[in-house]
1. Quick one: which helices (runs of 4 or more DSSP H) sit completely within the range B:1-109 and have at least 2 residues that are over 29 Å from residue A:442 (Cα atoms)?
2. Looking at A:119, A:156, A:92, can you tell me which residue is without any contact (Cβ under 8 Å) to a residue 60 or more places away in the chain and either surrounded by fewer than 24 Cβ atoms within 10 Å (Cβ to Cβ) or within 28 Å of residue A:274 (Cβ to Cβ) (or both)?
3. Can you give me the number of residues within the range A:12-31 that are more than 7 Å from every other protein chain (Cβ to nearest Cβ) and either more than 18 Å from residue A:91 (Cβ to Cβ) or modelled with pLDDT under 95 (or both)?
4. Can you confirm whether the range A:322-345 contains a residue that is surrounded by fewer than 16 Cβ atoms within 10 Å (Cβ to Cβ), in contact with a helix residue (DSSP H, G or I) (Cβ under 8 Å, 6 or more places away or on another chain) and at pLDDT 95 or above?
5. Is at least one residue of the range A:71-88 more than 10 Å from chain B (Cβ to nearest Cβ), at pLDDT 95 or above, buried (at least 22 other Cβ atoms within 10 Å of the Cβ) and within 26 Å of the chain's Cα centre (by Cα)?
6. Tell me yes or no: at least one residue of the range B:24-41 is on the phi > 0 side of the Ramachandran plot, away from chain A (no Cβ under 13 Å) and touching a helix residue (DSSP H, G or I) at 6+ places or on another chain (Cβ under 8 Å).
7. Among the numbered conditions (1) at pLDDT 95 or above; (2) under 26 Å from residue A:198 (Cα atoms); (3) surrounded by fewer than 24 Cβ atoms within 10 Å (Cβ to Cβ); (4) within 11 Å of another protein chain (Cβ to nearest Cβ), tell me where residue A:4 comes up short.
8. Only residues in the range A:354-371 that are free of Cβ contacts under 8 Å to residues at least 40 places away in the same chain count as the first member; pair them with residues that are buried (at least 18 other Cβ atoms within 10 Å of the Cβ), Cβ under 7 angstrom, at least 6 apart or cross-chain, and list the lot.
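The values are calculated or read from the model by the stated rules, or taken from the named source; none is laboratory data. These figures come from a predicted structure and were not determined experimentally. Cβ placement follows ideal geometry from the backbone for every residue including glycine, while neighbour counts extend to all protein chains displayed.
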């Protein structure tokens, strides 16, 4: 029997039609929808008199525009209209929506897994590039544009050319204090911001295997920052245990049957990939980005690079432009860079383990003078759970703001933003120019590193920081 | 959507790598529920100064780029967010063809679905075009049917395109209508899986 990767197995199971010289017509098992990229798609259906083919395989929520202080008072009229439009569209087309009043609401890529909608072997799409998050479960999950949203709504399928398979192997165990966020940032820093273009990544290796589901989600979430179509991890006991008992997961005997099928999805031993890259886990340090794309990052003990050391002319210009925008000088130790804002949240790092890691650092300490720090849970369920554990009090006592769930300062389509020229340690996924506000300077870090930066007022190695102050 | 066979137009050069869709259309303009009218916001933070005047240094504000309908860009154009507002903005501004050494996957798909021809060319060819278009008004002819690009000074380059997308672009088809012809196959697939 031919040995296959999980990518090929899922692809074959979902091919509705394939003809030579054409992309495959793939069936889509789960379509997540949010307010920003769907209104024009629903409008398209209306104009052509079409309906949603499988409303029960479609699930909507609001996250990008949602205010995180008082979510029911939306002062931005256009944002409010966009959210109301989603409610109206879902009502008209019979699609389930977790709106602002729903206890299920939250960031789309947080609630899919939380509700058990995300399952191994599924094809999952959403009009959002961070759909790759769901790949943590061994699902084939990728972001699509609004025309494709309309196509999936109408037909429950998509035409897709088969991407190449790319194995990213994280060898060995992670050093103490190095997190999933550091792993994915280090991978992108090492191999570049478009090394995954045209490919689907499978993450493998001991370090990945030993991760919890939440950590795996952080890794897969940022596959798109490497340009990859999707990123996934073969499912195992960790995956199944996470799903057991979740709202939309199969129950009882059905669950056991599902586990049997899910287990068979894992990549066969000896299966080959189009390309393989490898990184040593032991070499990874806590990461901080210095530039304006996620590959422009270094370890906490590193220094801001010098563009003159760069041989390629286009790359040299890119580094110069990034340093100019970020207001940084080559040779500066990243641990000397001061921050004015700290954002802990986003579909990358807003789950319980992220909040616990940040709270552990914040506990009994104070946010440095001149720093504004906020914690934004990924969903309303996470908010309640964190409050039940007393994490909100830990954060509030330390001087952090404690917010309602939403995309918040990751992309600032809502009232949360970083003012021009100011610097933010952020647990989100993109440090693009203007991402957190016009002229805002974003440094991507893990939740523990963000919390440590909040207390110290500048970037610091959370491993040493923790030890020093505990003693 | 009208089909495209041959397009002749002025070329604007944007010699920057990793131009992300957050730059092409910043997030504050994604709240509209229409598909149209995004051109005025294209490259907003690069194109305009804080006081709303044109940033004279920005590529598209150079006088020779005034009527450009072909954009030549560098590596990994359109990376980041999946927002289709990016091709909507480029198209509404007047671009019908984008040429680069490579594109981000989602952006490429979004272009094709909107009738924008995204052409991948070898880096040296792109560099040649970037130089020519930087000097002044520069015109190119793009022939989708023949899959080649040429100017009147002897530059030529051939390009490849997936035959499926080519057919889609040439005819200006609505993809959903094409797929609905597979209705029976989709229904059969659903029945089989329900067993």
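1. Details: elements: B:21-24, B:44-47, B:85-93.
Result: B:85-93.
2. Values: A:119 fails: without any contact (Cβ under 8 Å) to a residue 60 or more places away in the chain; A:156 fails: without any contact (Cβ under 8 Å) to a residue 60 or more places away in the chain.
Every option except A:92 fails the conditions.
3. Filtering the range A:12-31 for residues more than 7 Å from every other protein chain (Cβ to nearest Cβ) gives A:12-15, A:18-20, A:24, A:26, A:28-31.
Right, trim to either more than 18 Å from residue A:91 (Cβ to Cβ) or modelled with pLDDT under 95 (or both) and you get A:12-15, A:18-20, A:24, A:26, A:28-30.
Counting residues in the range A:12-31 that are more than 7 Å from every other protein chain (Cβ to nearest Cβ) and either more than 18 Å from residue A:91 (Cβ to Cβ) or modelled with pLDDT under 95 (or both) gives 12.
4. yes
5. Here is the first cut: in the range A:71-88, the residues more than 10 Å from chain B (Cβ to nearest Cβ) are A:71-75, A:87-88.
If we keep only those that are at pLDDT 95 or above as well, we get A:87-88.
Those still in the list that are buried (at least 22 other Cβ atoms within 10 Å of the Cβ) too: none.
For the range A:71-88, residues more than 10 Å from chain B (Cβ to nearest Cβ), at pLDDT 95 or above, buried (at least 22 other Cβ atoms within 10 Å of the Cβ) and within 26 Å of the chain's Cα centre (by Cα): absent.
6. First, pick out the residues of the range B:24-41 that are on the phi > 0 side of the Ramachandran plot: B:37.
Next, from what is left, pick out any that are away from chain A (no Cβ under 13 Å): none.
No: the range B:24-41 contains no residue that is on the phi > 0 side of the Ramachandran plot, away from chain A (no Cβ under 13 Å) and touching a helix residue (DSSP H, G or I) at 6+ places or on another chain (Cβ under 8 Å).
7. (4)
8. A:356/A:391; A:363/A:394
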